[in-house]
1. Each label point is 7 Å from the Cα along the Cα-to-Cβ direction; what then is the distance between the points at SER32 and ASN62, in nm?
2. At 1.4 Å probe size, with no ligands or nucleic acids counted, give the accessible surface of SER141 in Å², nearest ten.
3. For the stretch 26-147, what does the alpha-carbon gyration tensor say about shape, rounded, prolate or oblate, given a ≥ b ≥ c as the root eigenvalues, a/c under 1.5 as rounded, and a/b over b/c as prolate?
4. Mind checking the full-extension length gain between ALA140 and ASN117? Use 0.36 nm per residue of separation minus the Cα-Cα distance, one decimal, nm.
5. With an 8 Å cut-off on Cα pairs and a minimum separation of 6 or more residues, tell me the relative contact order of the stretch 28-147 in percent.
6. So which of LYS98/LYS147; LYS46/LYS95; LYS86/LYS110; LYS46/LYS98 end up more than 24 Å apart by C-alpha?
7. Report GLU126's accessible area, 1.4 Å probe, all protein chains in place, as a number in Å² to the nearest 10.
Amino acid sequence: MNKKPNIFAWLSLIVLQLITCNLLLTTAVFASDWDDYQKSGHKNSKWDSYVEAGFSSFENGNMGTAEMFLQRAVARGCNDGLVYIKIGFYYEAQKNYKKAINYLKKAYQKLPAQYPNAETTKLMAESLGRILVLTGDLNASESYLQK
């Protein structure tokens, strides 16, 4: 049976997800990311200073600066889920959903193994599903939102 998505249900989910994202970006959920990275992240002296500066900038609301530092870390070989999710959130804020989805999918692959108990990991599927809804890809978003 081919079920069509209920548009009102999806719109309600979008609103809830946008509220959740806004709360995440403005609360202390990310405050421990540097500590988590130090314990479980893809660490290396080649990029750790960029990750630390990026996380600090992100927490202070300087997302553009954060993205610049985190991209430098990635360019030097960093392959970390928390780095990818922050870059993804930057692109989401810029309404560049294609790039946001790309980075959030990378984060989605890395976070459960690197940070299984982190709040960010627990909310990852919702974040990815929300952006897929915003792009109109309701079929792809459904599986993420159900998680």
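1. 2.6 nm
2. Its accessible surface works out to 0 Å², give or take rounding.
3. prolate
4. Answer, rounded to one decimal: 5.8 nm.
5. Dividing the mean separation by the residue count of the stretch 28-147 yields 20 percent.
6. LYS46/LYS95; LYS46/LYS98
7. Per-residue accessible area (GLU126): approximately 60 Å².
The values are calculated or read from the model by the stated rules, or taken from the named source; none is laboratory data. Keep in mind that what you see is a predicted model, and the values were worked out from it rather than measured. Here Cβ is always computed from backbone atoms with ideal geometry, including for glycine, and neighbour counts include all displayed protein chains. Side chains included, ligands, DNA and RNA excluded: accessible areas come from the protein's heavy atoms. Shrake-Rupley method; radii C 1.70, N 1.55, O 1.52, S 1.80 Å.
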